[in-house]
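Some notes on the structure that comes next.
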Amino acid sequence: MEGVAAIAAGNAGAAKAEGAAVMPPPPPVSPPALTPPPAAGEEGPAPLPEVGAPGCSGSRPPELEPERSLGRLRGRFEDYDEELEEDEELEEEEEEEEEELSHFSLRLEGGRPDSEDEEERLINLAELTPYILCSICKGYLIDATTITECLHTFCKSCIVRHFYYSNRCPKCNVVVHQTQPLYNIRLDRQLQDIVYKLVINLEEREKKQMHDFYKERGLEVPKPAVPQSVPSSKGRTKKVLESVFRIPPELDMSLLLEFIGANEGTGHFKPLEKKFVRVSGEATIGHVEKFLRRKMGLDPACQVDIICGDHLLEQYQTLREIRRAIGDAAMQDGLLVLHYGLVVSPLKIT
């Protein structure tokens, strides 16, 4: 030991003498401990515990360090796999919850409702009554007929009877047609089907009453009208709803009869209820005069003068001739305007 230290000191002195850099001395190496062999009959020292054995607190040899690092990596991967499994389980639970919510929403929207939902969706018939009643007879709509000008709906028999006295809608007072209001009404079969489905046994009772009515009078029960199929340009058939009433082609002249007054002595007369008339163009002024006398209940001694523009018309003149002779001056909105007045007949004065 003293020899080794002397050599090291001598080397350091030589390095200083030569001006070289001073190097730190190497760490001292402890000599191996010499343990005397155990004597005969004596037990040797206790063996060192194996690496990894319980109670071992010493450092492990370097060759066992890779196994330790691999164990740590395995532990990390196992933890990561467990986290992935937990995430997958959470995702599956979320998907199941979403499916349950979607099924629940479908049941609410289009599926079979629960008893509580069914009670909430029930509507009292009294709330729908104003929409399925006829405002003329105050009863449920029968043969629902809609006015095309204002889309108000009435019973067919009610609205036809109303148009005998007026050409206006009984609900909104709009002019349906100047001369032929029946031309602007249509059967509303869809609304009638709704009424029959809402009111129980209404259709059966109505059919029975109609059958009994025609049977008592010995008449044939009319068959329900079916929309005619009209072929289109592409070969398909289209259903066309026709008017409830057809205007005959011979009634091609529409008249507007305006009252201009009456002289004294003409007596009492009823005012003309409907001043719009549709007749044939071959009708004469004599026919118009007879119509006025019958509708107004005129006395035979009362004379009716009919004027078109500035022309006093004769009884033999036809309406088509008058329209052709006077032209557009005699027309107003497609109507031939005729003014009529009542005077005392000269025969009565004499």
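Magnitude of the charge dipole for region 253-349, about its Cα centre and with charges confined to Cβ atoms of Lys, Arg (+1) and Asp, Glu (-1), is about 400 debye. The ranking of H162, H287 by Cβ neighbour count inside 10 Å, starting from the fewest, reads H287, H162. Pairs exceeding a 24 Å alpha-carbon distance, out of K215/K295; K156/K208; K138/K275; K138/K207; K270/K290; K138/K171: K215/K295; K138/K275.
Backbone amide hydrogens, once placed in the peptide plane, bring R168 within less than 5 Å of V176, excluding anything fewer than 5 places away on its chain. The calculated FRET efficiency for L90 paired with E127, based on their beta-carbon distance and R0 = 56 Å, is about 0.70.
Mind giving me the FRET efficiency for R320 and L198? R0 is 56 Å, r the Cβ-Cβ distance, nearest 0.05 is fine.
Details: r = 51 Å, r/R0 = 0.91.
Rounded to the nearest 0.05, the efficiency is 0.65.
Quick one: if the Förster radius is 56 Å, what FRET efficiency do L151 and E83 give, using the C-beta to C-beta distance and rounding to 0.05? Write out the running numbers ahead of the final one.
Working: r = 68 Å, r/R0 = 1.21.
Calculated value: 0.25.
A short reminder: the numbers here are calculations on the coordinates, not readings from a lab. Just so you know, these numbers come straight off a predicted model, no measurement behind them. Quick reminder, even Gly has a Cβ in these numbers, built from the backbone with ideal geometry, and neighbours come from all protein chains shown.
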